[in-house]
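Asker: Quick one: structure below, then a few questions.
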Amino acid sequence: MTKISLTVNGKSVSAEVEPRTLLVQFLREKLLLTGTHVGCDTSQCGACVVHVDGSAVKSCTMLAVQADGARVTTIEGIAQGGVLHPMQEAFREHHGLQCGFCTPGMIMSALDMVNRLGPILDESAIRENLDGNLCRCTGYHNIVKAIAAGAAAMGANPTRAAAE
Amino acid sequence: MYAFDYQRPSFSQDAVSMMRSLEEPKLLAGGQTLLPTLKQRLAQPGTLVDLSRIPDLSGISVAGDVLRIGAMTRHAEVATSDLVHAHSPALAELAGMIGDPAVRNRGTIGGSLANNDPSADYPAAALALGATLVTDRRRLAASDFFRGLFETALEEDELILAVEFPKSGPAAYRKFRNPASRYAMAGVFVVRGADGVRVAVTGVGQEGVFRWKEAEAALTARFAPDALEGIALDPHTAMSDLHGDGAYRAQLTKVMARRAVEAIGG
Ligand SMILES: Cc1cc2nc3c(=O)[nH]c(=O)nc-3n(C[C@H](O)[C@H](O)[C@H](O)COP(=O)(O)OP(=O)(O)OC[C@H]3O[C@@H](n4cnc5c(N)ncnc54)[C@H](O)[C@@H]3O)c2cc1C
Ligand code: FES
Ligand code: FES
């Protein structure tokens, strides 16, 4: 077992983990943060995307021990006091989900996109940057619309823009 | 995944000592290839030696005409680095075409080169640009480094510290991505140097990345997209799998080469 200490959604967490524990297993099974999903477990689908030190990573393809000392943000960490984050609100408003399985990863990838590229995102940039996120339901159109709208809302209201 | 131990050295020399003293050690860089391999139980290391907290291994610098990229530098950093854009814009563009954003945030140039996947992108750049791999014990020219499918000149306990790229003439990389995996079905890196044209091809060769000498000769004689018209890659030397047969990949190679030449401006 290896001892790790990290910050998850703003709270300090310490735990003993087996080195082979994946970050996603640690989040879901130890911390019971089950919003982060495992869709493929083969690094393809992006349902498991979380932010580590501010950038999007596939938490099924990172060990919990590698996150020692890091700042992790999951889908549970972005709403504030019961008010949805503008990106979450945009997914609801634009019907950017059906079964919802891919949605946590989509939203965390969308926030990473805004962090990197700013709040004005055109359709082709959004589609290109969703390369690592698969959805089996929506056909993507409404996800793309939701991300454009959510990004614009973040730009219009910068105090609610930060994901962490 | 089988169980393993975990070590996180702070100095590259300690990583090398661990590679010598531990049972069945394996270096861990970004984990974007190694962790999927471990999940499939295709390897059973005793200890993973995590390179991520060795400060000397990451970072990008330019000294004279040489661009130096630390082994642990993530693809995303290479893709967005001003230094790389100024020195070797085609290299920055290539890094931005690897996988997807989350993979680029973790995967490293050292891990990609050490892995030498026959469909990986960086090997084409290293070979075409005449890169030098700096390890803990020697300097290896890219032309001596790649030794076939997933094979390199690295010794069991050898650590890549950095990769050095000399300043080149105009260059471009064009890749036809496998739509599912994003790896190259055919990726062609063309450099128009003072001493001739170099063309490196990935995703195609049965022995991994290679220089397409015929295309180099044709383009050195006349640098124009249609200079490639009369030549063809032998389909029997091209990989054939469920994603595409040899003839398809050979044709795709020519198309990507032509597009790279067009991008440079022939
Ligand atoms: C969904 C997905 C899509 C991808 N698409 C592409 C793509 O389009 N193009 C592409 O080129 N790649 C692609 N990759 C692979 C990605 O670029 C990997 O990051 C890369 O191949 C390996 O780098 P890593 O840092 O993750 O290394 P790791 O997985 O940590 O290590 C890989 C191997 O290299 C060894 N190693 C690592 N660092 C060193 C070092 N400094 N010295 C000596 N040995 C070392 C390790 O021991 C291991 O054997 C993709 C990966 C995924 C998961
Ligand atoms: S579960 Fe991690 S990429 Fe699919
Ligand atoms: S909404 Fe069902 S997988 Fe995307």
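Asker: Out of the range A:40-69, which residues are away from ligand 3 (no atom under 16 Å from the Cβ) and over 16 Å from residue A:25 (Cβ atoms)?
Answerer: Across the range A:40-69, the qualifying residues are A:51, A:53, A:54, A:55, A:56, A:69.
Asker: Identify, by number, the condition in (1) part of a helix (DSSP H, G or I); (2) more than 14 Å from chain A (Cβ to nearest Cβ); (3) buried (at least 21 other Cβ atoms within 10 Å of the Cβ); (4) not charged (D, E, K, R) that residue B:143 doesn't meet.
Answerer: Tallying (1) part of a helix (DSSP H, G or I); (2) more than 14 Å from chain A (Cβ to nearest Cβ); (3) buried (at least 21 other Cβ atoms within 10 Å of the Cβ); (4) not charged (D, E, K, R), residue B:143 fails exactly one: (3).
Asker: Moving to a separate point now. Determine which member of the set B:96, B:64 is away from ligand 2 (no atom under 16 Å from the Cβ), closer than 15 Å to residue B:174 by Cα and without any contact (Cβ under 8 Å) to a residue 24 or more places away in the chain.
Answerer: B:96
Asker: Do you know which residues across the range B:74-114 are within 14 Å of chain A (Cβ to nearest Cβ), of a type in the set (Ser, Thr, Tyr) and within 15 Å of the chain's Cα centre (by Cα)?
Answerer: Answer for the range B:74-114, where residues must be within 14 Å of chain A (Cβ to nearest Cβ), of a type in the set (Ser, Thr, Tyr) and within 15 Å of the chain's Cα centre (by Cα): just B:108.
Asker: Has the range B:169-181 got at least one residue that is within 16 Å of ligand 2 (Cβ to nearest atom) and under 24 Å from residue B:95 (Cβ atoms)?
Answerer: yes
Asker: A follow-up question, please. Take residue B:186 and decide whether it is touching a residue at least 40 places away in the same chain (Cβ under 8 Å), surrounded by fewer than 20 Cβ atoms within 10 Å (Cβ to Cβ) and either within 12 Å of ligand 1 (Cβ to nearest atom) or small (Gly, Ala, Ser) (or both).
Answerer: Details: touching a residue at least 40 places away in the same chain (Cβ under 8 Å): yes; surrounded by fewer than 20 Cβ atoms within 10 Å (Cβ to Cβ): no; either within 12 Å of ligand 1 (Cβ to nearest atom) or small (Gly, Ala, Ser) (or both): yes.
So residue B:186 does not fit the description; no.
Asker: If we only count strands (runs of 3 or more DSSP E) wholly inside the range B:150-235, which ones have 1 or more residues that are more than 14 Å from every other protein chain (Cβ to nearest Cβ) and among the β-branched types (Val, Ile, Thr)?
Answerer: B:160-166, B:184-193, B:196-202
Asker: Quick check: anything in the range B:23-39 farther than 30 Å from residue B:100 by Cβ, open to solvent by less than 40 Å² (accessible area, probe 1.4 Å) and more than 22 Å from the chain's Cα centre (by Cα)?
Answerer: no
Asker: Kindly check whether there is at least one residue in the range A:53-64 that is open to solvent by 10 Å² or more (accessible area, probe 1.4 Å) and not in a loop (DSSP other than H, G, I, E, B).
Answerer: Residues of the range A:53-64 open to solvent by 10 Å² or more (accessible area, probe 1.4 Å): A:53-55.
In the following step, the residues that additionally are not in a loop (DSSP other than H, G, I, E, B) were identified as A:55.
Looking for residues that are open to solvent by 10 Å² or more (accessible area, probe 1.4 Å) and not in a loop (DSSP other than H, G, I, E, B), one finds at least one in the range A:53-64, hence yes.
Asker: Can you pull out the residues in the range B:158-183 that are open to solvent by less than 30 Å² (accessible area, probe 1.4 Å) and of a type in the set (Lys, Arg)?
Answerer: B:175
Asker: Looking at the range A:70-87, is at least one residue within 13 Å of chain B (Cβ to nearest Cβ), closer than 30 Å to residue B:47 by Cβ and in contact (Cβ under 8 Å) with a residue 12 or more places away in the chain?
Answerer: Yes, that holds for at least one residue.
Asker: Same structure, new question: Can you tell me which residue within the range B:121-137, out of those that are on the phi < 0 side of the Ramachandran plot and surrounded by fewer than 24 Cβ atoms within 10 Å (Cβ to Cβ), is farthest from ligand 2 (Cβ to nearest atom)?
Answerer: My answer is B:137.
Asker: Hey, another quick one. Determine whether residue B:71 is closer than 20 Å to residue B:122 by Cβ and either open to solvent by less than 30 Å² (accessible area, probe 1.4 Å) or under 21 Å from the mean Cα position of the chain (by Cα) (or both).
Answerer: Criteria met by residue B:71.
The values are calculated or read from the model by the stated rules, or taken from the named source; none is laboratory data. Note that this is a predicted model, so its numbers are computed, not measured. Here the Cβ is made from the backbone with ideal geometry for all residues, glycine too, and neighbour counts use every protein chain on show. Quick note on the areas: whole protein, heavy atoms, side chains included, nothing else; ligands and nucleic acids left out. Shrake-Rupley method; radii C 1.70, N 1.55, O 1.52, S 1.80 Å.
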